[in-house]
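For reference, the structure discussed in these notes is given below.
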Amino acid sequence: MQDVTSAASVSAGRGREPGPAAAHTATTVAPGDLLRRLRQRHATDPVTHVERVPPRTGVPAPWPQWVPEQLRAAYAGRGVTAPWRHQAEAAGLAYDRQHVVVATGTASGKSLAYQLPALATLLADPRATVLYLAPTKALAADQLRAVAELDLDDVRPACYDGDTPRAEREWIRRHSRFVLTNPDMLHHGILPGHAQWSGFLRRLAYVVVDECHVYRGVFGSHVAHVLRRLRRQCARYGRAAGPTFVLASATSGDPAATAGRLTGLPVVAVAEDTSPRAGVTFALWEPPLLPPDPSASPSPSVTSAPSAAGSVAAAVTAPAPRRTRDARPSPGPPPTRPDAGPPPTRPDAAAAAAPPSGPPEDAGAPPTADLTQVRRSALRETADLLADTVAAGVRTLAFVRSRRGAEVVANNARRGLDEAVPGLGDRVAAYRAGYLREERRELERALLHGDLLGLASTNALELGVDLVGLDAVLICGYPGTRASLWQQAGRAGRSGQEALAVLVARDDPLDTYLVHHPEAIFGAPVEATVLDPANAYVLGPQLACAAAEAPLTEADLELFGAGAKEAVEALVEAGALRQRPTGWYWRHRERPEVDLRGEGGAPVCVVEAATGRLLGTADGGSSHFLLHPGAVYLHQGVSYVVDALDLDDGCALVRPEEPDWSTHARDVTSLSVVSVRSYVDAGPVGLFLGEVDVTSQVVSYQRRRIATGEVIDTRPLDLPARELRTVAVWFTLSPESLVGAGVDPADVPGALHAAEHAAIGLLPLVATCDRWDIGGISTAVHPDTEAPTVFVYDGHSGGAGFAERAYGMAAAWLRATRDAIEECGCEAGCPSCVQSPKCGNGNNPLSKSGAVRVLDVVLANLPE
Ligand SMILES: [Zn+2]
Ligand SMILES: [Zn+2]
């Protein structure tokens, strides 16, 4: 296990493209001074913890003997005079034909670790080939540039993806010896056309799998089988030994085991980061509670007029009114969360639909946040911090979890800056995966050259661009895993300079727990990546693809692992395969249609109706939430309203309009138990893992005033229901045990519901998921369990391993859940503990004290 210090690798773009940061001259503000300035914005100190991540000195190693002079000279020409020790070690293992994963921090030079053995082999053997896989086209394009700049004879590197013109494809297949692509293209293009690639595959020496930690959950399970299909074709055309796999991963727990599961091969890990890094001051930031008086709307973001005092930064930093954590709520209409939005979609296309949550009944009920204290939204807080750092001349990147959130942060920061100094707002922009390629490239260029000082991004920027050496990183909401947190923070810090990272807590149980338990961030190892190649919903379709490429044999079944035999028999049963003496044959003319990125479906195009202009795309799963008729859709700060969503054509028609409300979709959900896989009988308490069927439907949306959060109205929607068979973990309690614990029978639904919300919120603590990967339902009597029950399920067909992880670590998970609820400073429940932003039931009913009692009963009976 690595400690967090080495996990938090920061700075020094060694081995990657040498420091784009160097091109920009920004003001240098010591992180301590900057933080001091930022935390003055509130009357109460929002900083709950400051961790100093010390700088690290690099450990260089000599060039391995086998690296030819030409290659050394090429790197020297780009400023790389010697590898770091971890690079040399990983490269050496790969050169000796051992499968290896290098799992080190951002900008630790992982590319050199695979480029060295791959390029040395291409130079030594004029026939050898290399296949490089990146999760995004942008990252492959970056790598292509890096390899092409080395200008090596006869390597002829080329990208082969959806953007590659037809005319060039044949040339690449025949002549390129370093092909860069992505798993989707491998799956849809290269493997089905393997005959045309036979020469390339026969001579394939290395397969590089970059950013392999991205291959998690259902997407990861699919990619695992795509790699097995690749190995199978290599074996059919070429050497028995097959290519050597070199994987690069962000720092993660047990990288060797994860890489082994991904490739199906024994993999050695190199995980000690020996690159140098800048020191980072890492602050945990909890936005202040808003006053309970609803007439006091959330303090506007940076809108005060410039004051005479101090710098521009001081001028745009209007201190919020004095607030204390213990402010007594006064009765009155409920304050609503200013940014409670539709479920944020996970920012990259790997996301499945945001699964719904909450009991099925009563969707669309108004929020009943009666005595709730609400914190200032993390989005507004981050926007203000971004405006402040930009005003101070500090090059800053803000990570925001949702696309919509990134737009809001950029917009608010821009507005605040413009009000302070007209024109200053132009130096802030938003970035997300859904933007078109040209837009993305333009933003990247502007930030590298310093035309832009502030960028609000979804985690799309974790991938695909080589952007390091920023002065400050703001992380709006815990990104779901410590691995991701460190990767985002790793964008901060230029060589030899100190940098600032700030985690701004969102108003939810996990974030609140973390900013008050810094040991859970700084004292814990990073998580292992969860993927499950045995998922029958992945294995069956993948075996169909494999059979369509070439008939399956008994030996192939071994390659595809546990469950393959059963999956093949099911395909025969279903009429998809025919068994003959020589193997299993695909029976249809058309190839099977399989989407690697889950059941989210094809992306939905967002089109401006009047001009036909394509604004961007959204993944199919989130389209019901974000692009329903009437939805307000933001693109680069411009507001649009959706006129129509055509699910058959995969297109939403929008028109520019800026109403003063936002829209929030609601769904209803029901669940039935299909089978129980495993259970723990703990007296009055039962813990179960099994298959369930979940039906959900987006049925309505609310319109809320942007300024106040006031609900204007709720409007019905007519969208089809979606079905999901998945894996759930659930616990039951006997009604008697609840009475014995002092839970009033009338309080049982609220107690279970509150426990469910908080349990979903805390699950990412034990599994590499985020709360949008999972859903839940609670009920006082469920027809299948005949008892008070709380279900938490994977939001992916066939499950993604998250519920299973929760089942395995139930005691630790539910203990943290209980503590998070009990320790929350609110009186009757708030978004920091038991309220859920995606509740289909309007957060009603909820009983905070009842939830603690429910969990006490469970924990008292459940074995540790
Ligand atoms: Zn709920
Ligand atoms: Zn609370």
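A few comments on the model shown:
- 1 or more residues in contact with a helix residue (DSSP H, G or I) (Cβ under 9 Å, 6 or more places away or on another chain), touching a residue at least 60 places away in the same chain (Cβ under 8 Å) and closer than 30 Å to Tyr431 by Cβ: qualifying strands (runs of 3 or more DSSP E) within region 57-159: 100-103, 129-133
- Any hit, region 844-862, residues being away from ligand 2 (no atom under 16 Å from the Cβ) and hydroxyl-bearing (Ser, Thr, Tyr): no
- Total residues in region 444-458 satisfying the condition of being assigned to a helix (DSSP H, G or I) and surrounded by fewer than 21 Cβ atoms within 10 Å (Cβ to Cβ): the figure is 4.
- Checking Leu752, Leu762 one by one, the residue that is out of contact with any Asp or Glu (no Cβ under 7 Å at 6 or more places or on another chain), modelled with pLDDT under 90 and part of a helix (DSSP H, G or I) is Leu762 and no other.
- Checking each residue in region 20-56 for being basic (Lys, Arg) and either at pLDDT 90 or above or not in a strand (DSSP E or B) (or both) picks out Arg36, Arg37, Arg39, Arg41, Arg52.
- Qualifying position, being within 29 Å of the chain's Cα centre (by Cα) and surrounded by fewer than 16 Cβ atoms within 10 Å (Cβ to Cβ), among Asp151, Asp163, Asp125: Asp163
- Filter result for Val792 (more than 16 Å from ligand 2 (Cβ to nearest atom), assigned to a loop (DSSP other than H, G, I, E, B) and either closer than 21 Å to Thr669 by Cβ or more than 22 Å from the chain's Cα centre (by Cα) (or both)): no
- Residues located in region 805-836, provided they are within 16 Å of ligand 1 (Cβ to nearest atom) and either out of contact with any strand residue (DSSP E or B) (no Cβ under 9 Å at 6 or more places or on another chain) or closer than 20 Å to Leu738 by Cα (or both): Thr817, Ile821, Ala828, Gly829, Cys833, Val834, Gln835
- Qualifying residue in region 687-696 (condition: farther than 19 Å from Tyr807 by Cα and either in contact with a His (Cβ under 7 Å, 6 or more places away or on another chain) or not basic (Lys, Arg) (or both)): yes
- For region 113-122, the candidate set comprises residues that are under 19 Å from Pro83 (Cα atoms) and touching a strand residue (DSSP E or B) at 6+ places or on another chain (Cβ under 7 Å); within that set, the residue that is surrounded by the fewest Cβ atoms within 10 Å (Cβ to Cβ) is Thr121.
- The one condition in (1) assigned to a helix (DSSP H, G or I); (2) buried (at least 24 other Cβ atoms within 10 Å of the Cβ); (3) away from ligand 1 (no atom under 16 Å from the Cβ) that Gly799 fails to fulfil: (1)
- Flag for Arg380 being modelled with pLDDT under 90 and more than 30 Å from Gly162 (Cα to Cα): no
A quick yes/no check of all residues on (1) more than 16 Å from ligand 2 (Cβ to nearest atom); (2) assigned to a loop (DSSP other than H, G, I, E, B); (3) without any contact (Cβ under 8 Å) to a residue 12 or more places away in the chain; (4) surrounded by fewer than 24 Cβ atoms within 10 Å (Cβ to Cβ):
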| position | (1), (2), (3), (4) |
| --- | --- |
| Ser778 | yes, no, no, no |
| Val781 | yes, yes, yes, yes |
| Ala806 | yes, no, no, no |
| Ala811 | yes, no, no, yes |
| Thr817 | no, no, no, no |
| Gly825 | no, yes, no, yes |
| Pro831 | no, yes, no, no |
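- Remark: pairs (first residue in region 213-226, assigned to a helix (DSSP H, G or I); second residue at pLDDT 85 or above and among the charged types (D, E, K, R); Cβ separation under 8 Å; 6+ apart in sequence or on different chains) = Ala224/Arg261.
- Some residue of region 544-562 being modelled with pLDDT of 85 or more, of a type outside the set (A, V, I, L, M, F, W, C), surrounded by 18 or more Cβ atoms within 10 Å (Cβ to Cβ) and in contact with a Lys or Arg (Cβ under 8 Å, 6 or more places away or on another chain): yes
- Test for Ser849: is it more than 16 Å from ligand 1 (Cβ to nearest atom) and over 20 Å from Trp730 (Cα atoms): yes
- If only residues of region 480-532 that are basic (Lys, Arg) and assigned to a loop (DSSP other than H, G, I, E, B) are counted, the one that is surrounded by the most Cβ atoms within 10 Å (Cβ to Cβ) is Arg506.
- Looking across region 645-686, the residues that are among the hydrophobic types (A, V, I, L, M, F, W, C) and either over 30 Å from Asp784 (Cβ atoms) or buried (at least 21 other Cβ atoms within 10 Å of the Cβ) (or both) come down to Leu645, Leu647, Cys651, Ala652, Leu653, Val654, Trp661, Ala665, Val668, Leu671.
- Taking the conditions (1) within 25 Å of the chain's Cα centre (by Cα); (2) under 30 Å from Ser377 (Cα atoms); (3) among the small types (Gly, Ala, Ser) in turn, Ala728 satisfies each one other than (2).
- Residues of region 512-529 satisfying the condition of being touching a Leu at 6+ places or on another chain (Cβ under 8 Å) and either of a type in the set (A, V, I, L, M) or at pLDDT 85 or above (or both): Leu514, Val515, Pro518, Ala520, Ile521
- Every condition in (1) more than 22 Å from the chain's Cα centre (by Cα); (2) at negative phi; (3) surrounded by fewer than 24 Cβ atoms within 10 Å (Cβ to Cβ) is met by Gly253 except one, and the failing one is (1).
The values are calculated or read from the model by the stated rules, or taken from the named source; none is laboratory data. None of these values were measured; they are calculated from a predicted model. Cβ atoms come from the backbone with ideal geometry, glycine included; neighbour counts cover every protein chain shown.
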